[in-house]
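Okay, so here's the structure we're looking at.
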Amino acid sequence: MPDFQTSPGMRDILPPESARWRRFVHVFAGVAEGAGDGQVISPLLEDLGVFQRIGDATDVVTKEMYDFVDKGGRHVALRPELTASVCRAFVQHRPLTPWKVWYAGSQFRYEKPQRGRYRQFDQVGIEVLGADDPYLDVEIIALGWEFYRALGLQQVNLLLNSLGEPADRARYVQALQEHFEAHLDTLSDESKVTLQKNPLRVLDSKRPQDAPLVAAAPKIAEFYSEAAAAHFAAVQAGLTELGIPFTVDSKLVRGLDYYRHTTFEYQGGTLESAQNALGGGGRYDGLVESLGGPPTAGIGFALGLDRTLIACDDEGVFPAPANDVDVFVVDTTGGLQALQITAQLRDVGIGADRAFENRSMKSQMKAADRSGATYAVIIGSNELDAGEAVVRPLRAERALNPDGSPSDGTQSTIPRSDLLDHLKKALS
RNA sequence: GUGGUCGUAGCUCAGCUGGUAGAGCAUCAGUUUGUGGUACUGAGGGUCGCGGGUUCGAGCCCCGUCGAUCACCCCA
């Protein structure tokens, strides 16, 4: 065992998985920027207060924060989510609205780690501030949907709900509280605790014992104001217009207190229930104001990298890309030739690798095969003396003869001076 | 934070009721008068997560601890 390893819930992302992560963000950036969203890069560390505004009934804030006092006496925290950071940035810089941004980055929550749930975890997300148009809700939800499709995921379910306006939500919470308190004896002990902190969250209970009571609970829809009902109806109509299937789930409350009106969650069809939330979001029209800004509408979502990639694995889509090089140089004369040739190839944009430590021909050919290169360039003492090089196709299905015809797999000996042109042509 | 399961070579794992460690893959080298992907031979690599205890003797039993994993909780 090594003396050191990563802290609990934190890990190294190694190749080739790391390349997959990079591509994941790249695909997301393409989707977001295609809708006119620009990237915002905010600090990992913020004043603790930024996150406390998320709400004191939110575990993310009260129990799971990595917070500490820095050398200047500031009470700071590693960001547990990015929505609050984006709103803080909005208040600080006051860009023109609607402000449409996307982000990608690590977040930190001190939780007990599990598969698909880490203390340092990565999300990509979109936030739009300064517009309360229900069709914006539709655009946001559709962008997430489009992203999953871009990855190749088929089995994603969209759950949709509305928490109404703050007053609606407050009346509903009270009704819920009364409902559960009237049946306290059948409620699980855990849910009794939850009830004290946040009655909405009791709807989220996965304990079978609570199921009947939850099913019998009043529904949020009965409490919508006219405006809230109209907003929600417009969102549903918009999604239907775009042909995006969704399920209205009145129990979808989500854990962050700042949500109002539209909330939604993308669930993976193949994942275990504990980790099946691939991403989610909703409206948070009061958050900017609570951070000291003007009353500003806001909506956004965040998608977890890990869970989405697990879902991709389950469906066999979006595999880690191969990091294949174009040419592998085999040099049995000491390595200087390989040094020159790889440098020349890279200089003209051809990916090139080689072996080190002057290994045997066989060993170097093995390495060439492993590298995924289309061609091996072989330099032995004969070639060196004659000023020649052997070009050997390693992947017949990809390789071409110099004249452009498909390779029959045989190698050719060519003058060293023609090597670069030969390979450029063969790889074009 | 609470509870269950697990922790043996780089990787995946075997190791019966306790007698001081094995396989496959991978790596390296050779079989081949210079040429890889299939074959054969050989080599290197492990204080059995860590720390205590029981025992003549522990990878196997007990306690603790760290980590992973699963459920609850929470959420992405």
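None of the figures in this text is laboratory data; all of them are computed from the coordinates on show. Small disclaimer: the values here were computed from a predicted structure and weren't measured. Note: ideal-geometry Cβ built from the backbone for every residue, glycine included; neighbour counts use all protein chains shown.
Go ahead and run the numbers for FRET between residue A:19 and residue A:114, Cβ-Cβ distance against an R0 of 41 Å, rounding to 0.05.
Working: r = 25 Å, r/R0 = 0.62.
Step by step, r from the Cβ atoms, then E = 0.95.
Using a simple charge model, +1 on the beta-carbon of Lys and Arg, -1 on the beta-carbon of Asp and Glu, nothing else, what dipole does chain A show about its Cα centre, in debye to the nearest 20? Kindly include the intermediate steps, with their values, before the conclusion.
On the way: 43 positive and 58 negative charges, 136 e Å.
In debye, rounded to 20, chain A gives about 660.
From the Cα gyration tensor of the stretch A:1-72, with a ≥ b ≥ c the square roots of its eigenvalues, which class applies: rounded if a/c is under 1.5, or else prolate if a/b is larger than b/c, or else oblate? All intermediate terms of the calculation are to be shown ahead of the outcome.
Numbers: a/c = 2.27, a/b = 1.13, b/c = 2.01.
The shape class here is oblate.
Sum up the charges of everything whose Cβ sits under 13 Å from the Cβ of residue A:35, counting Lys and Arg as +1 and Asp and Glu as -1, but leave residue A:35 out. Numbers along the way, then the final one.
Details: positive: A:100; negative: A:33, A:37, A:127, A:139, A:146.
Combined, the nearby Lys, Arg, Asp and Glu give -4.
Which whole-Hz couplings ³J(HN,Hα) result when phi for each residue of the stretch A:153-167 is put into the Karplus expression 6.51 cos²θ - 1.76 cosθ + 1.60, θ = phi - 60°, listed in order with x for Gly and Pro?
5, 9, 9, 10, 10, 9, 9, 9, 7, 9, 9, x, 7, x, 5
Tell me, A:18, A:191, A:205 in order of fewest to most beta-carbon neighbours within 10 Å?
On the way: A:18 13, A:191 23, A:205 19.
Taking fewest neighbouring Cβ atoms as first place, the list is A:18, A:205, A:191.
So for the pair residue A:62, residue A:41, with labels modelled 7 Å out along Cα→Cβ, what separation do we get in nm?
With each label placed 7 Å out from Cα toward Cβ, I get 3.7 nm.
Based on the Cβ-Cβ distance of residue A:358 and residue A:10, what FRET efficiency does E = 1/(1 + (r/R0)^6) give at R0 = 35 Å, to the nearest 0.05? Could you put the intermediate results ahead of the total?
Values: r = 39 Å, r/R0 = 1.13.
So, using R0 = 35 Å, E works out to roughly 0.35.
Around residue A:256, under 14 Å between beta carbons, what's the net of Lys plus Arg minus Asp minus Glu among the other residues? Could you put the intermediate results ahead of the total?
Values: positive: A:53, A:63, A:79, A:109, A:169, A:197, A:201, A:254, A:260, A:283; negative: A:56, A:59, A:64, A:81, A:127, A:204, A:257, A:265, A:285.
Net charge in that neighbourhood comes out at +1.
Determine, from the Cβ-Cβ distance of residue A:196 and residue A:333 and an R0 of 56 Å, the FRET efficiency 1/(1 + (r/R0)^6), rounded to the nearest 0.05. Please report the intermediate quantities before stating the final value.
Values: r = 78 Å, r/R0 = 1.39.
That gives a FRET efficiency of 0.10.
Taking a ≥ b ≥ c as the square roots of the eigenvalues of the Cα gyration tensor of chain A, is the shape rounded (a/c under 1.5), prolate (a/b larger than b/c) or oblate? Walk me through the numbers on the way to the answer.
Details: a/c = 2.57, a/b = 2.41, b/c = 1.07.
Cα axes put chain A in the prolate bin.
Starting from 0.36 nm per residue, how many nanometres of slack lie between residue A:93 and residue A:420 once their C-alpha separation is accounted for?
112.5 nm
Springs between alpha-carbon atoms under 10 Å, Gaussian network over chain A: tell me which of A:262, A:240, A:342 tops the mean-square fluctuations.
Residue with maximal mean-square fluctuation among A:262, A:240, A:342: A:342.
List, in order, the whole-Hz ³J(HN,Hα) value for each residue of the stretch A:121-130 obtained from phi through the Karplus relation with A = 6.51, B = -1.76, C = 1.60 and θ = phi - 60°; use x for Gly and Pro.
Values per residue, Gly and Pro as x: 9, 10, 9, 10, x, 9, 9, 10, 10, x Hz.
Enter the Cα centre distance for the pair the stretch A:292-322 and the stretch A:76-152, rounded to the nearest angstrom.
Going from one Cα centre to the other spans 9 Å.
Below 8 Å, C-alpha to C-alpha, sequence gap of six or more: please give me the relative contact order for chain A in percent. Walk me through the intermediate numbers first.
Values: 754 pairs, mean separation 62.0, N = 428.
Averaging sequence separation for qualifying contacts and normalising by length gives 14 percent for chain A.
According to a simple spin-label model (label point 7 Å from Cα along Cα-to-Cβ), what is the distance in nm between residue A:346 and residue A:229?
6.8 nm
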